[in-house]
1. Show the residue pairs meeting these rules: Cβ distance below 7 Å; 6+ apart or different chains; first residue within the range B:58-71 and on the phi < 0 side of the Ramachandran plot; second residue among the hydroxyl-bearing types (S, T, Y) and outside any helix (DSSP H, G or I).
2. Of everything in the range A:32-79, what is surrounded by fewer than 24 Cβ atoms within 10 Å (Cβ to Cβ), farther than 23 Å from B:T210 by Cβ and more than 13 Å from chain B (Cβ to nearest Cβ)? Give them in sequence order.
3. Here is a list: A:N312, A:N286, A:N259. Which entry is out of contact with any Pro (no Cβ under 9 Å at 6 or more places or on another chain) and surrounded by 21 or more Cβ atoms within 10 Å (Cβ to Cβ)?
4. I'd like to check which helices (runs of 4 or more DSSP H) are fully inside the range A:171-232 and have at least 2 residues that are within 27 Å of A:L124 (Cβ to Cβ) and among the basic types (K, R).
5. Which residues, counting only those in the range B:190-211, are more than 9 Å from chain A (Cβ to nearest Cβ) and in contact with an Asp or Glu (Cβ under 7 Å, 6 or more places away or on another chain)?
6. I'm trying to understand the selection: among the residues of the range B:261-310, which are polar (S, T, N, Q) and part of a strand (DSSP E or B)?
7. Can you find even one residue in the range A:187-208 that is at pLDDT 90 or above and more than 21 Å from the chain's Cα centre (by Cα)?
8. Does B:S164 qualify as being farther than 17 Å from B:W233 by Cβ and of a type in the set (S, T, N, Q)?
Amino acid sequence: MEAEGLAIRAKDIAMSAIGWPNWRRLNQEGIVFAIAILLFAAAALGLPGFLTADNLVAIVRSVSVLGILALGMAVVIIGRGIDLSAVAIMAMSVAWYLQLLNTGTSDGLAFVYVLAGVLAIGLLNGFLVAYADVPAIFVTLATGSFVFGYVRSQLITQDAVPVPGGHWVELLGGVRFLDIPVEVFVFAGLAFLVFLFLRYTKWGRFIYFAGDNPVAARNIGVPVRPMLVLRYVLSAFVALIAGLLTAASLHSINTRIVNSTLLYDIVLVAVIGGVGLSGGRGGVRNVLVGAALIGILLNAMTIIDIPLLYQNLIKAAILLGAIIVDGIINPRDEQTAQQGDI
Amino acid sequence: MKLLRTLMAAATALAITAFAAPGFAADDPGPAAYAKALNGKRVMLVPLAMGFDLAQGWAHYLKKEVEAWGGTFETRDPNWVVDAGAQAITDAIASDTRPDVLIIHAPDLNSYSKLMKKAQAAGTYVILVDNPANFPADAFVGSDWDKLGQLEAEAAIKGCGENSSKKIGLVQGDQANSSSLYQYAGIMKVLEKHPDFQVVAKPDSNWDATTSRNVTTTMLQQHPDICSIIDFWDGDATGASAAIRDAKLDGKVFLVTTGGGEKAADCDKLEDGTYGAVVMTDLARQSGDMNAIIKFLLQSGQPAGTSHTYIYTLEKATTKADLKPDSCWDLKALQAEAAAK
């Protein structure tokens, strides 16, 4: 009995190590992955034009920026934090950059300013969370509002800032390899880098320790606080990349996006894929699963021409369903619950 | 008979004016009455946000005129947040410096109705601009969105031509904003008269350019032979145009949209072929209408909420062919003018 149990456990571990969902103990990621596959199959059979190369590329592209932001968010969440300033940093850094270019600042200097600004906000987030011990949710909510308010009122004159004609950001938006837009490659590349970071670097592994139990991690000598700062800086730079890609595609950036539901969608993509909000759980694969579900869902609903109101309802119902099923299959009890669980 | 009487009355009036004018020129009661009614009055504009071309244009023209007749002009910036707008209106009504005229850009049909009623009860005239609402304001100044939709549909049909696929795609705003709902109704009215044209898809953009790009990409993949797309606002039509560009269908899909007639947002994009036609609001004239109705209401002596006037702005679908140097107004020039002061 004992040996058999161990063998099953070993097989489970081996299978999950190669990226195979663990059906024996179906978790939220598995459920969402299954829903995504079902939806994909149903759409492929039922919707004309769904299963074409162009449409599949369009699906991945439509969630690329969202997915990139979710990668940054996942790294922060795994370390038991959250970054609510991501969308503000994404939109406002690029809006400021474009405004500087439009008013005649040289490209190099403008970019240095913006990099410095993004670094400063990342550091501010990190220091306040790590060293002032203010909860991340309040710090980043405040810095997000600050970044939006300051840039919007002091540095730019309009909600929408256009990319100057012929600038590299505009050219970036037209870059294609094999007819696939550049943001898909950036998403894939970043996903791979974050995967390598989380899985194979010492600091990547430490993030899980710190997220799972910060006090214990600190006691065994993990530099918990500097790592916290690093995560918020990383998240800020990921947001800048996402903003540049958005501007590249639309030839302008509209700061109104800060008021949209994008921030919730980012958290949704990470959490629906199974990155636990309580920290220490999840990885790049979870983000990819979450992004796949959202991408397939939105694309199918657009093809069927479902009005936006119903789209939000369906999206919310699927999320609720996944959470409920997860709650039934993996009930929370004293052993699984962690301190600081949201 | 009636005509004759009118003519005679007019002739009499003319004769009296001509006869009496020289003697009373020095005592024209107009300027004094005008100054008495208007001096020191407060006008407040609460748009959806101050950060976009329409609001900045209105504010420019209103401020110039209101300050010229000795009034005070203020704006509030809810920055697209409905609650913040409601708070701004509530504060304005309750403050010691309650505005005499409140110009409101309503986010939807119902949100501000109670507040506007309160404002009128307190004695403030309420003017709705651009977006209609379920409320009998003292005046509505803005587009007849139904008519605007009809103009867009006609432009799209013309842009497609007789020998096209006759397939049209819509990128709507949302399902709550009156400008989106009425625009849709107007478009469908025209298309009913042209049964050979059909709407193949009508997703919402939620006024967001990225969403507009994604839904347009899908639409073009499903129906690559679409001949025209109508996007409900130039603020997000940049997304639809990006999707057309990415699908390498520039010049094949006639993109129609609507906007405030700002140079960079509309005319430049007609010029470079991004947009096929734009139904543009004549912003200077619309602001002029607001100025006129403000002056009328303040002199009328009638209590707020007495009369209900609709002043629709003349709209026109502009294409590259009929672009003129004065088709658009230039936000940059207005900002430079304001900065120079």
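1. Short answer, once both residue conditions are applied: B:A59/B:T75.
2. A:F33, A:A34, A:I35, A:I37, A:L38, A:A41, A:A42, A:A44, A:L45, A:G46, listed by residue number.
3. Answer to the selection: A:N286.
4. A:202-212
5. Once the filter is applied, which keeps residues that are more than 9 Å from chain A (Cβ to nearest Cβ) and in contact with an Asp or Glu (Cβ under 7 Å, 6 or more places away or on another chain), the range B:190-211 yields only B:V190.
6. B:T281, B:T309, listed by residue number.
7. no
8. Taking the combined requirement at face value, the residue satisfies it.
The values are calculated or read from the model by the stated rules, or taken from the named source; none is laboratory data. Everything numeric here is computed off the predicted structure, so don't read it as measured data. Ideal geometry is used to build each Cβ from the backbone, glycine not excepted, and the neighbour counts take in all protein chains shown.
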